[in-house]
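For reference, the structure is listed below as structure tokens.
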Amino acid sequence: MSRFLIAASERIQKGYRFGKMLIHNASRLQLAAKTTPPPGPKEPPKSPPPQSSNPPKCPGGEKKPKPGYFASGGCHAVFSDCPMPEGDFMKAWSAKNSRYNLILLSGILAAVGTWGFALSTGALGLNFTIPEYPYTEDEMEEFEREEERRREEKLEREERHQDAVEARELSVRRRKAKENMEREVDLMQRDMEDGISDAELDELQQLAADREAFEIWEKDELKRLDEQEKEREKIRKEKAKVQAERDKEVARKRKEQQAQWDKEEAEREKAREKARKDREKAEKEEKKEKEKAEKEKAEKEKARKAA
């Protein structure tokens, strides 16, 4: 318990000494503030500095700051160290934008001109057209025959479709005529037995008119189909005749071409045989000259030994 009392008294004494020191310092400052210094000579009023059109510059002037320091003199940047805008923003922006637009337009014109020149001169081929292929006459004839075959197949498909449509229409009308015939027979039977009403009588007359019209249409339709089949058969015969003549002409041309090839091959074989004979003759003459030269050389050698 005595320890706590001693510690508390020491703390109170320390606080009292610190408070006296603060009061003493404050009283000294108050006395210094109350005593005013004697007035000095009056200075002439300063004229305001002339206003310049240039904006204020960063503190420090043109003097470069030390390494690690800013223009304001501190180690940390403040707002005074930031760059400040100068001049009219719209004028500067318009000048830069006009320059950029001019560069853009010049680039577009250069690109278009380059592409146009390359395409016009043929230096740049985009292969958007089908080139002319050197087909032979036989290949061209084969292409024509293939195209003709495709046209004939298309025409045959159209004819088959038309025949199917006409046959379906004929069957539908025949079935309807058969039903009408049954109804007409039923009404006629009732008319002979008990009689029929006026509406049924009108229906019977209408059925009879429809039957007569159908008979006339059926007769004309069958006649038309028969004539159409005859016309198609005639066209087929003409096409077969033309195809036979064409095949005959193709066979004749191929025969002539084969004869021409055989003739050219015979001429080439004859030229090869002649060249072979000339080569053998030249080899024989060369061999004779070589033997003659060897013989003369041997005689010279013999004469030299004898001498």
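The values are calculated or read from the model by the stated rules, or taken from the named source; none is laboratory data. As the structure is a prediction and not an experimental result, all values here were calculated from the model. Positions of Cβ are generated from backbone atoms using ideal geometry, with glycine treated the same way; all protein chains shown enter the neighbour counts. Note: areas computed on protein heavy atoms with side chains; ligands, DNA, RNA excluded. Shrake-Rupley method; radii C 1.70, N 1.55, O 1.52, S 1.80 Å.
Give the residue, chosen from Lys253, Lys305, that is open to solvent by less than 100 Å² (accessible area, probe 1.4 Å) and among the basic types (Lys, Arg).
Going through Lys253, Lys305 in turn, just one is open to solvent by less than 100 Å² (accessible area, probe 1.4 Å) and among the basic types (Lys, Arg): Lys253.
Among the listed residues Glu137, Glu200, Glu158, Glu146, identify the single one that is open to solvent by less than 90 Å² (accessible area, probe 1.4 Å) and under 60 Å from the mean Cα position of the chain (by Cα).
That would be Glu146, the only listed residue that is open to solvent by less than 90 Å² (accessible area, probe 1.4 Å) and under 60 Å from the mean Cα position of the chain (by Cα).
Looking at Glu245, Glu238, Glu215, Glu221, can you tell me which residue is under 25 Å from Arg160 (Cα atoms), open to solvent by 70 Å² or more (accessible area, probe 1.4 Å) and of a type outside the set (A, V, I, L, M, F, W, C)?
Matching residue, one of Glu245, Glu238, Glu215, Glu221: Glu238.
Given the criteria over 49 Å from the mean Cα position of the chain (by Cα) and in a helix (DSSP H, G or I), does Arg175 qualify?
When the stated conditions are applied, Arg175 passes them.
For segment 110-127, state whether one or more residues are of a type outside the set (Asp, Glu), touching a residue at least 24 places away in the same chain (Cβ under 8 Å) and surrounded by 11 or more Cβ atoms within 10 Å (Cβ to Cβ).
no
Go over the candidates Glu166, Glu245, Glu146, Glu200 one by one and state the one that is charged (D, E, K, R), farther than 30 Å from Gln257 by Cβ and modelled with pLDDT of 90 or more.
Glu166
When you go through (1) over 28 Å from Glu153 (Cβ atoms); (2) open to solvent by less than 90 Å² (accessible area, probe 1.4 Å) one by one for Asp226, which number turns out not to apply?
(1)
Sort out which residues of segment 198-229 are in contact (Cβ under 8 Å) with a residue 24 or more places away in the chain and not basic (Lys, Arg), and write them in order of number.
Listed by number, the residues that qualify are Leu207, Ala208, Asp210, Phe214, Trp217, Glu218, Glu221, Leu225.
Looking only at residues in segment 73-105 that are in a loop (DSSP other than H, G, I, E, B) and of a type in the set (Asp, Glu), which one is least open to solvent (accessible area, probe 1.4 Å)?
By that ranking, first place goes to Asp88.
Does any residue of segment 186-196 turn out to be surrounded by fewer than 10 Cβ atoms within 10 Å (Cβ to Cβ), among the charged types (D, E, K, R) and within 30 Å of Lys255 (Cα to Cα)?
No: segment 186-196 contains no residue that is surrounded by fewer than 10 Cβ atoms within 10 Å (Cβ to Cβ), among the charged types (D, E, K, R) and within 30 Å of Lys255 (Cα to Cα).
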